[in-house]
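Asker: I am attaching a structure below and will ask some questions about it afterwards.
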Amino acid sequence: MLENCILLSLFAKENLHRMSEQQLNLYDRLINEPSNDWDIYYWATEAKPPPAEFEHDVLAMLREFAKNKKKEQRLRQPDLEYLFEPPR
């Protein structure tokens with residue numbers, strides 16, 4: 001679903017390079033294990049509580065990112081060039 005594509009790809013661009021291996025594994029489980037994409041969106045936007053196994057620091061980071069406190073325009077996924085840039 002488009003909302004998750006935008007949210008998760010922008011979150012990944014901003015955060016993956018500084019995550020620990022454990023956090024990367026949690027993120028991988030978060031985006032791949034739930035069978036319903038809407039669940040991920042609802043958990044990230046705090047519309048619904050997640051199951052206990054997904055209540056972790058990576059989801060907390062995603063929730064904070066989803067709040068968009070800087071009021072950035074998030075209308076499309078980032079270009080993939082960031083994958084080849086050195087970490088900031």
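Asker: When ligands, DNA and RNA are left out and all protein chains stay put, how many square angstrom of accessible area per residue does the chain have with a 1.4 Å probe?
Answerer: 70
Asker: Past 19 Å, Cα to Cα, is the threshold; run 48/70; 13/70; 13/71 against it and keep the listed order.
Answerer: 48/70
Asker: As I understand it, the value is the acute angle between the Cα axis of helix 57-66 and the longest principal axis of the Cα atoms of the chain; what does it come to in degrees, rounded to 10?
Answerer: Tilt relative to the chain: about 70 degrees.
Asker: In nm, to one decimal, how far is the modelled label at residue 13 from the one at residue 31, with both set 7 Å along Cα→Cβ?
Answerer: Reported label-point gap for residue 13 and residue 31 is 1.3 nm.
Asker: Same structure again: What FRET efficiency, computed as 1/(1 + (r/R0)^6) with R0 = 35 Å and r the Cβ-Cβ distance, is obtained for residue 77 and residue 52, rounded to the nearest 0.05?
Answerer: Computed FRET efficiency for residue 77 and residue 52: 0.70.
Asker: What spacing in nm lies between the two simple spin-label points modelled at residue 63 and residue 23, each 7 Å away from Cα in the Cβ direction?
Answerer: 1.7
Asker: Between the helical axis of 2-15 and the dominant principal axis of the chain, each derived from Cα atoms, what acute angle in degrees is found, rounded to the nearest 10?
Answerer: Once rounded, one gets 60 degrees.
Asker: Sorted by packing (mean other beta-carbon atoms within 10 Å per residue), highest first, where do 25-33, 68-76, 49-57 land?
Answerer: Packing order, densest peptide first, comes out as 25-33, 49-57, 68-76.
Asker: Using a 1.4 Å probe over the heavy atoms of the protein chains, calculate the carbon and sulfur portion of the accessible area of the chain as a whole percent.
Answerer: Reported share for carbon and sulfur atoms: 51 percent.
Asker: Further question on the same structure: Among (1) 35, 26, 25; (2) 35, 29, 23; (3) 40, 28, 23, which is the computed Cα extents along the principal axes in Å?
Answerer: Of the listed options (1) 35, 26, 25; (2) 35, 29, 23; (3) 40, 28, 23, (2) comes from this structure.
The values are calculated or read from the model by the stated rules, or taken from the named source; none is laboratory data. Note that the coordinates shown come from a computational prediction; the quantities given were computed from them, not determined experimentally. When we count neighbours, we look across all protein chains shown, and the Cβ atoms used for this are built from the backbone with ideal geometry, even at glycine. All accessible areas refer to the heavy atoms of the entire protein, side chains included, with ligands and DNA or RNA removed. Shrake-Rupley method; radii C 1.70, N 1.55, O 1.52, S 1.80 Å.
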